[in-house]
Structures are given as C-alpha cells and as structure tokens.
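Visitor: Structure incoming, see below.
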Amino acid sequence: MLTTSLGVVVMDADTGQYRVIHEGSRLYYGLTWDERFIYAGCNRERHPYYIVFNRALEPIGSVEMEGIDVGNPHGMFYDPLSKRLFWAMPGEDSVYAGARGQGSGVRDQKEHVSLKTQNTQENQESLDQDPENTNRSFLPDPRSLTPDPYDWTRFIPCPEDVATWIKRTGGSPPEEKITIRKSKIVEREASPWRGPGSINLHHYNSVFVSKERIYVLAHNRGASEILTLRHDWGLESITPAGRLAHTAWVEERGTEEIVQGAKRKVQGETSSSTLHVAPRTLHDSSDPRPLTPLSTLFVVSSGDRAVLRNGQKIYETPEGTFPRGVAKIGERYFLGLSMFGKRDERGTGRGRVQVLSSDWKLLNEFELRDNSGQIYEIRALCADPATHNGLAPPVDI
C-alpha cells in the first residue's frame with residue numbers, strides 16, 4: 001500500500017499491478033493502521049487530517065485536527081503496545097501522540113484544539129458493540145462513519161531549548177533571522193523569536209516506535225539525525241542519519257545484558273556493526289528494566305540516494321531519483337523512488353517501487369504510470385515488524 005502526492009495506491013507485491021483507492025485530496029503523506037482501521041494522512045489548507053479506510057479498503061470518512069497550522073504533516077505510526085497514534089508534524093517541529101479517548105481533541109499546553117469527526121450515534125453504537133468489526137453484515141454508511149477520535153498531545157522532541165542555545169552560542173538570537181543547530185547552518189525568517197520546535201528547523205518527518213523507544217527523524221534540511229527517546233520523551237541520544245533523510249526504522253535482533261562490564265549475548269547474533277541502543281554499563285540482577293535490544297538502525301538518506309545501515313551505505317539508487325518509503329515482506333524490501341524535483345513539481349513525474357533482497361540486491365522494479373506523483377510512504381499489507389508496527393492490517397483481501 002502506497003501514498004503518493006496524488007493518491008492512495010494498493011499494489012500487488014509479486015506482479016506490480018495496482019489500483020488507486022483514493023485521490024483528489026491534494027498531497028497524501030503518512031500511512032498506518034490500528035486494530036480496526038487504516039489511516040492515510042493528508043493536508044487541507046495547512047490543516048492535517050487523515051482518511052479512514054475499512055476492511056474492504058473503502059474510504060469511510062476523515063478526521064481533521066482543526067485550528068492547527070502546521071503545513072504538511074508527514075509520517076504516521078500506530079503503536080499497538082501503548083495504543084497511541086504518532087504523527088510527525090514538520091511544519092512546527094513537533095510529534096503528536098494520540099491516545100484513544102472521548103474525542104476531546106488536541107492538548108497543547110493551555111491550548112485546546114477540537115477534533116472534528118463525522119460520526120453518527122447509530123454507527124458508533126454498532127462499532128462499540130463490535131469493536132473489531134467482525135460482524136460482516138454490518139455495512140456502515142461511508143459518508144458518516146469514522147472511528148473514535150484520538151486525544152492528541154503535542155511533543156517537541158528538540159535537543160536544545162532557547163536557554164541552552166544562547167549559552168552554547170554565547171549570544172542572543174537575532175530578532176529577524178536565526179542561525180541554529182550543529183549539523184547544518186539553517187536560516188529561517190523568525191520574528192519574533194519562538195525558539196526551536198516552532199518554525200520548522202528540524203523538519204521532523206518520520207516516527208518509528210519500538211517496545212522501549214521512540215525514534216524521530218530530523219530532516220534538518222541538510223545533515224539529518226535520529227533522535228532516540230524514551231516513551232516518556234526523555235532524550236537518550238542523537239545519531240547522524242544521512243542527508244535530507246525521510247524514512248528510518250530499527251530492526252531488533254535479540255537482547256543483551258552487561259555483566260561486570262562485559263557484553264554477553266542472550267538471543268540473536270552480535271556484530272560489530274550492530275547499534276547497541278543505550279546499553280547499561282553494569283547489569284544488576286535486581287534491576288527490573290528489560291534487557292537492551294540488539295538493534296540495527298536503517299535510514300533512507302534521500303539526499304544521498306542511499307540506504308544506510310548503522311551509518312554505512314548499503315544500497316544506492318539510480319541518478320536522478322529520490323528514495324523515500326520502505327516496507328518489508330518476508331525477505332524482500334520494497335523501496336519507493338520518485339523523480340527528484342522542486343516542491344511545485346512533485347505532483348507530476350513517475351514513481352516506481354524497487355524490490356530488493358534481504359542483502360539489498362535489486363530483484364525487480366515496478367513502475368507507476370505517468371503523473372503518478374512522488375511516493376511518500378509504503379506499508380506492507382501484512383504483519384511487518386521490521387519497518388512498521390508488526391500489527392496485521394485490518395483488511396479482508
């Protein structure tokens with residue numbers, strides 16, 4: 001399943017044949033699902049909303065976050081363990097985490113933003129009685145039904161606040177322009193000064209959630225980075241992540257513990273190329289925390305036309321392409337390619353999907369028709385624990 005700048009597409013992973021299941025909502029971005037519905041993120045006049053698809057891959061409504069001016073929303077990720085829906089909003093350098101609730105809307109400090117839905121009481125009662133939608137005889141009105149809205153909380157996972165920035169640079173930010181961050185000098189008009197996390201400095205565009213951590217990809221309009229955070233949003237580390245990166249994921253292979261300063265494998269294979277995420281320096285048998293996963297960090301470095309594994313290039317796409325979006329089915333990766341171009345040219349051009357082996361050798365390539373637009377996201381319509389949430393999609397196909 002793909003989102004492009006012109007629509008939502010379902011493609012056969014073996015033949016490349018595809019069909020468009022939604023179009024006409026301008027740009028389509030993130031794609032994810034929970035236990036009941038599939039969600040495709042869109043943008044309406046700078047206000048984010050998501051289209052809801054049922055088990056037959058039919059659009060049944062949309063949910064809009066009113067009153068938020070964030071530009072173009074990007075990556076979406078539903079975490080089945082915490083039951084939260086994460087949504088990257090690069091226009092304000094934020095990540096929104098939605099918890100299932102009573103639809104009270106967005107909570108951002110003292111600001112309250114309502115969540116507009118199109119539910120009807122009759123359809124909602126049917127859903128409440130059959131939350132997994134197992135009653136195949138129940139056919140909701142596609143014009144009126146949406147799932148329970150999420151209660152949203154805004155997080156700004158910025159590694160530096162204003163005070164830290166002033167202390168590190170030795171001066172106050174200019175009133176009209178700011179120059180900030182370590183990886184690349186970024187200049188943006190800003191009057192008055194609003195600080196990091198409010199004017200699209202880091203351009204957070206991808207979120208990946210594991211059992212223990214949240215990984216947020218900072219595009220940075222240049223040298224990109226991965227912010228590794230705990231589930232309480234505490235920052236653990238910042239890792240270089242290529243250039244103009246758009247997609248990141250972590251594949252976990254077993255766990256480890258630290259015994260008297262020496263690493264001991266518990267499950268899986270250890271390797272010098274394995275990224276040990278925040279390992280403990282000494283293991284205490286009374287420590288109730290889970291063991292540290294052996295994790296491998298993958299990044300699609302769009303600006304380098306490359307896929308990186310723990311910072312090392314393992315695959316390069318053809319000249320003139322812009323890779324973005326990855327899914328995995330069994331031992332095959334599916335990588336989205338778009339034609340490189342300026343923002344106003346992204347609604348045209350031809351997208352294609354490369355099929356690669358587990359060791360990143362090209363096996364096949366599927367091409368979308370002319371003017372399919374850029375590919376923004378790819379999700380495998382199966383339980384994909386590698387690049388997505390491991391949850392089987394709620395589909396009957």
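FYI, it's all coordinate maths here, none of it is from the lab. Everything quoted here is computed from the prediction, not taken from an experiment. Reconstructed Cβ throughout: ideal geometry from the backbone, glycine too, with neighbour counts over all protein chains shown.
Visitor: Principal axes first, then extents: for the Cα atoms of the stretch 1-98, list largest minus smallest coordinate on each axis, whole Å, largest first.
Guide: The Cα atoms of the stretch 1-98 stretch 40, 32, 22 Å along the principal axes, largest first.
Visitor: How far is it, in nm, from the label point at E236 to the one at S82 when both lie 7 Å from their Cα along the line to the Cβ?
Guide: That separation, rounded to one decimal, is 1.2 nm.
Visitor: If you don't mind, another one. Relative to the present Cα-Cα distance, how much length would full extension add between R44 and D14 at 0.36 nm per residue of separation?
Guide: Computed gain between R44 and D14 is 7.4 nm.
Visitor: Given H placed on each backbone N at 1.01 Å, which residues far from D93 in sequence or on other chains put an amide H within less than 5 Å of it?
Guide: Amide H neighbours of D93: N200, H203, Y204.
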